[in-house]
Amino acid sequence: MEIIKNIEDLNKFRSNYDQISFVPTMGNLHDGHISLIKRANEYNDTVIASIFINPLQFNDKNDFINYPKTLDSDISLLIKNECDCLFLPDQSILNNIKQIKSSYKSQHLCGLNRPGHFDGVLTIVNRLFDLVKPTRAIFGKKDYQQLLLISDFVKENNLPINIIGSEIVRDQSGLALSSRNNHLSADEKKLASNLYKTLNIIANKLDTLTINDIINEKNKLRDLGFSIDYLNVCNPLELSEESNYNIRPLIVAIAAYIGEIRLIDNILIT
Ligand code: AMP
């Protein structure tokens, strides 16, 4: 695997290949990220992954500073999973960066209490797309709103990039894998698996669901020690809350804190 740290070398590498499958990440790679690399490899093109901890998308400075960094093991995992190139840019890619403003869809779910977060995501993703010029880019459905906003952005700007959503990878308890899980103790991880259980409870009773059921599920999670950012049933294209639970598709999405650690998950019902 080639490890490339500057734009000049990336351009040289890029000019040798026709089709590129691209997997942008912030590192601290786990099986969720690796599933994206495997997905990228299904296309038999050249696979480029990037690791860049994007300061533009953090609302909390400490969260940015404390973001886990495990470069050596990330590199080993990428090599093992047949990634062809790792792009490892430094902060200079932020110089003169074109600021992207996310659409109204960023006002829902994760964007509501994290102003500017998705502007930061789109700004860096657009920059990476501009540099890597991928044929396709693969993103996890765990960050569903991010995937939707990026797909919309690519369509609206006629970028010649195919955006692929890849399934959520979970541990045996159902907990969606996340770099943030590393900050949880074993007991907290067990507790965290209740998020997926709650999503399933709601998804399995949509036919008879009422708003009170959602309130009850939130209260149960609060009693267990969670602090809830949102638990919503939404239209998966608009992300606005849906009150008619009989229509399809729907997405049930949650964000909740255990202590300082923010966890997200969702189930798409088609
Ligand atoms: P991050 O490093 O957190 O920015 O994530 C990089 C990519 O990995 C994003 O497209 C995420 O949606 C994806 N990802 C993270 N966790 C998972 C997971 N458990 N399952 C599938 N994709 C994931």
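The values are calculated or read from the model by the stated rules, or taken from the named source; none is laboratory data. Bear in mind the structure is a predicted one, so any value in this text is a computation, not a measurement. Cβ atoms come from the backbone with ideal geometry, glycine included; neighbour counts cover every protein chain shown. Protein only, heavy atoms only, side chains kept; ligands, DNA and RNA dropped before computing areas. Shrake-Rupley method; radii C 1.70, N 1.55, O 1.52, S 1.80 Å.
Computed from backbone phi with θ = phi - 60° and the Karplus coefficients 6.51, -1.76 and 1.60, the 3J(HN,Hα) list for segment 194-207 is 5, 5, 5, 4, 4, 4, 5, 4, 5, 4, 7, 10, 4, 4 Hz; x is used for glycine and proline. Taking 0.36 nm per residue of separation and subtracting the Cα-Cα distance, full extension of the segment from SER92 to LEU71 would add 5.7 nm.
Each Lys and Arg contributes +1 and each Asp and Glu -1, all at the Cβ; summed about the Cα centre of segment 224-270, the dipole is approximately 120 debye. Full extension of the chain segment joining GLN172 with ASP63 gains 36.5 nm, where the gain is 0.36 nm per residue of separation less the Cα-Cα distance.
For the chain, the antiparallel share of DSSP beta bridges with both residues in that region comes to about 50%. Averaged per residue, segment 2-166 has 48 square angstrom of accessible surface, using a 1.4 angstrom probe with ligands and nucleic acids left out. Under 5 Å from the amide H of SER166 lie the amide H atoms of PHE139, GLY140, LYS141, each residue being 5 or more positions distant or on a separate chain, with H modelled from the backbone and absent for Pro and chain starts. Counted residue by residue at 0.36 nm each, then reduced by the alpha carbon distance between them, the extension gain from ASN244 to ASP223 reaches 4.8 nm. Backbone phi angles across segment 112-120, fed through the Karplus curve with coefficients 6.51, -1.76 and 1.60 (θ = phi - 60°), yield HN-Hα couplings of 4, 9, 10, x, x, 4, 6, 4, x Hz in residue order; Gly and Pro are listed as x. Summed over the residues of segment 167-270 and divided among them, the accessible surface reaches 50 Å² per residue at a probe radius of 1.4 Å.
Residues whose amide H falls under 5 Å from that of GLU2, counting only those 5 or more places apart or on a different chain, are CYS85, LEU86, with hydrogens built in the peptide plane.
Starting from the Cα gyration tensor of segment 2-166, multiply each eigenvalue by 5, take the square root, and state the resulting semi-axes largest first in whole Å.
Those come to 23, 18, 16 Å.
Sorting the segments 18-27, 233-242 by their residues' average number of neighbouring beta-carbon atoms within 10 angstrom, most packed first, yields 18-27, 233-242. Just check segment 141-270 against the gyration tensor rule for me: Cα atoms, a ≥ b ≥ c as the square roots of the eigenvalues, rounded for a/c under 1.5, and otherwise prolate or oblate depending on whether a/b exceeds b/c. Oblate. Shown is the FRET efficiency for ASN6 and LYS80, computed with R0 = 22 Å from the Cβ-Cβ distance and rounded to the nearest 0.05: 0.30. For the chain, averaging the sequence separation of C-alpha pairs within contact (under 8 Å, six or more residues apart) and dividing by the residue count gives a relative contact order of 18 percent.
Rounded to whole numbers, the Karplus 3J(HN,Hα) couplings from phi for segment 101-111 are 9, 6, 6, 4, 5, 7, 7, 9, 6, 5, x Hz, using 6.51 cos²θ - 1.76 cosθ + 1.60 with θ = phi - 60°, and x at Gly and Pro.
Would you mind telling me which residue in LEU177, LEU221, LEU86 has the biggest mean-square fluctuation in a Gaussian network model of the chain, where springs connect alpha carbons within a distance under 10 angstrom? Top of the fluctuation ranking is LEU221. The region of the chain that goes longest without hitting one of the trypsin sites (Lys or Arg not before Pro) in a DSSP loop, each with at most 13 other Cβ atoms within 10 Å, is 102-204.
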